[in-house]
Amino acid sequence: MKPRDIALAVAVAAVWGVNFVVIDIGLDHFPPLLFSALRFLLAAFPAVLFVGRPPARWRWVIAVALALGVTKFSLLFAGMAAGMPAGLSSLVLQSQAVFTMVFAVLLLRERPGRRQLAGLAVAALGIGVVAVRLGGGGLPAGAFGLVLGAAVAWGLSNVATRRAAPTDMLRFMVWVSAVAAAPLAVLSLLVEGPAADLAALRAIDPAAAGVLIFVALVATLAGFGAWGALIRRYGATTVAPFSMLVPVFGIASAALVLGEPVHLTDVAGGVLVVGGVLLGALRPGRPVDTRAPAAGPLDRVAA
């Protein structure tokens, strides 16, 4: 990769890592479901009016919108609102690679190699090490379960994205956002209530507006657009490992900005999760197919 593109890949990973801190701040302004609905609404409009038709079949746009936009982000935001630390959330979400492989075997009949299976086992062990702090260790079990459920939903959406094989990841994400916004808004009204939603909307200040702009336009549209361009240029095998920097930036920024403590078990579990994902992703000696569809960005990225 050219130095300029390496810098771009690192910058995207940094944005996605810092995004967890921004989400944590946003949850002080909005109920979780409303926050997610506003994120996708802003990511979709007015962009959806100018990007043309979806670059994939509608059934896959809807499937990814429900799995990724509605389920994954609802669970993630709810988990963080319930007390899951921002930095640790960025790490636990990387377990989506494990669930992606499981769903790919069950639904796509893929056959993982020994290296991938070993990586899956190592990553799963890492999540187990992180989970040691549940309950008595200051980590809410329910919040941890919600974020882990978000990783499961992300894995399912990865499989749907692979089947969709969108030719333009940015345009695909705009349409996914457009489809996801409406059911999230309805869920917010039903679960969080019109009064809470209206109060949050009335209380929007520059800080809340900045949070929405960052998560919708910077992390979602600009981030996926740049990542998709790198995937098309170099192939998923070359670019995807850079996403392992996301929890590094996530944990570091959460410690610096939010003052979140970093526990030894978090570090040990993080090394195992990242190492396991990389073990399964890196395939020495195999040429990179730069013609691979731009579905790769959803395989190993953050919120």
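Where a number appears in this text, it was derived from the coordinates with a stated rule and is not lab data. Everything numeric in this text was worked out from a predicted model, so none of it was measured. Backbone-built Cβ (ideal geometry, glycine too); neighbour counts: all protein chains shown.
Please work out the C-alpha center-to-center distance from the stretch 213-266 to the stretch 156-182 and express it in whole Å. The stretch 213-266 and the stretch 156-182 have Cα centres separated by 19 Å.
Each Cα pair of the stretch 16-174 feeds into the Kirkwood radius, which the Stokes-Einstein equation turns, at 20 °C and 1.002 mPa s, into a diffusion coefficient of 128 µm²/s. Suppose each label sits 7 Å from its Cα in the direction of the beta carbon; what would the L201-R115 distance come out to in nanometres? Label-label distance for L201 and R115, simple model: 5.2 nm.
Just flag the trypsin sites (Lys or Arg not before Pro) in the stretch 72-131 sitting in loop per DSSP whose Cβ has no more than 14 other Cβ atoms within 10 Å. Please list the in-between numbers first.
Values: sites: K72, R109, R114, R115; in loops: R109.
Listed in order of number, the matching sites are R109.
Placing a label point 7 Å from the Cα of W58 along the Cα-to-Cβ line, the residues of the stretch 164-195 whose backbone N sits under 20 Å from it are 164-168, 171-184.
Evaluated on the stretch 98-179, the Kirkwood hydrodynamic radius is 14.8 Å, with distances taken between all distinct Cα atoms. Relative to the current alpha-carbon distance between K2 and L189, full extension at 0.36 nm per residue lengthens the span by 62.6 nm.
What separates the Cα centres of the stretch 2-41 and the stretch 78-154 is a distance of 19 Å. Between V257 and R163, the distance separating the two model label sites (each 7 Å from Cα on the Cα→Cβ line) works out to 3.6 nm. Percentage of Cα-Cα pair distances in the chain greater than 28 Å, rounded to whole percent? Percent of Cα pairs beyond 28 Å in the chain: 33.
Stokes-Einstein diffusion for the stretch 193-263, with the hydrodynamic radius set to the Kirkwood value over Cα pairs and evaluated at 37 °C in a medium of 0.692 mPa s, equals 217 µm²/s.
Mean sequence separation of contacting Cα pairs (under 8 Å, at least six apart), scaled by the length of the chain, corresponds to a relative contact order of 39 percent.
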